[in-house]
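The values are calculated or read from the model by the stated rules, or taken from the named source; none is laboratory data. The structure displayed is predicted, hence computed values, not measured ones. Don't worry about glycine lacking a Cβ; one is built from the backbone with ideal geometry, like all the others, and counts go over all protein chains shown. Quick note on the areas: whole protein, heavy atoms, side chains included, nothing else; ligands and nucleic acids left out. Shrake-Rupley method; radii C 1.70, N 1.55, O 1.52, S 1.80 Å.
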Amino acid sequence: MRIAFLTAHEGVEQVELTEPWQAVASTGETPQLISTRPGEVRAFDHLDKADTFPVDGTVSETSPEEFGALVLPGGVANPDALRTDPEAVAFVRAFFEADKPVAAICHAPWTMIEADVVRDRTLTSWPSLRTDLRNAGATWVDVPVQVCHAAPGPLVTSRRPDDLPQFNEAMLREFGRVAA
């Protein structure tokens, strides 16, 4: 199964990209980096520039139909940029409309808020998004990982890099249900 990792061209929290990527790859699934621009994505370690990663495709040249699931890494600048890009927002919304699993960590739910897919769902995030999520109709909980099976599609969310072990475990479990 191909798994889309959607990021903006810069600002993604590196560990929130690389650890889920490695977890997906370790199962034999195929992670692919999808972005708003071709070329490379600049990751960050909090506020410091980190590594760059080659883009496999852009939201304008790929289709959610090509993927079995979606991962939305965090970082502050990354989802803030994604939520202002109509094609990125439509890309995210399409996964929910197709009932495909989505996993999002840290600030990533900002993009889902813009896609209007969090209403009547229970999720967690970086604590500063609590009010934004509640205003968008979601129930926010302060737990390391939250799996919501309210339709459409399973949604796995997590708060921060410290939660990555639990996030990756839940993500792989939900993605495995699709691949099985």
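Do any residues in region 53-74 that are more than 24 Å from residue 176 (Cβ to Cβ) have Cβ atoms under 9 Å from those of residues that are aromatic (Phe, Trp, Tyr) and open to solvent by 30 Å² or more (accessible area, probe 1.4 Å), where the two are at least six apart or on different chains, and which pairs are they?
53/21
Pull up region 114-147, narrow it to residues that are charged (D, E, K, R), under 19 Å from residue 81 (Cβ atoms) and not in a loop (DSSP other than H, G, I, E, B), then point me to the one that is nearest to the chain's Cα centre (by Cα).
Filtering first and then ranking leaves 114.
Just checking, does region 134-143 include any residue being surrounded by fewer than 24 Cβ atoms within 10 Å (Cβ to Cβ), of a type in the set (A, V, I, L, M, F, W, C), under 17 Å from residue 8 (Cβ atoms) and modelled with pLDDT of 95 or more?
no
Take the conditions of a type outside the set (Val, Ile, Thr), under 22 Å from residue 149 (Cα atoms) and within 14 Å of the chain's Cα centre (by Cα) and apply them to residue 11. Does it pass?
It is false that residue 11 is of a type outside the set (Val, Ile, Thr), under 22 Å from residue 149 (Cα atoms) and within 14 Å of the chain's Cα centre (by Cα).
Restricting the search to region 129-144, which residues are over 23 Å from residue 98 (Cβ atoms) and of a type in the set (A, V, I, L, M, F, W, C)?
129, 140, 141, 143
Just to be sure I understand the filter: pairs with C-beta atoms under 8 Å, separated by 6 or more residues or on different chains, first member in region 22-48 and modelled with pLDDT of 95 or more and hydroxyl-bearing (Ser, Thr, Tyr), second member open to solvent by 40 Å² or more (accessible area, probe 1.4 Å) and part of a strand (DSSP E or B). Which pairs pass?
The qualifying pairs are 30/2.
Please tell me if residue 178 is at pLDDT below 95, open to solvent by 30 Å² or more (accessible area, probe 1.4 Å), closer than 24 Å to residue 26 by Cα and over 13 Å from the mean Cα position of the chain (by Cα).
Answer is yes for this residue.
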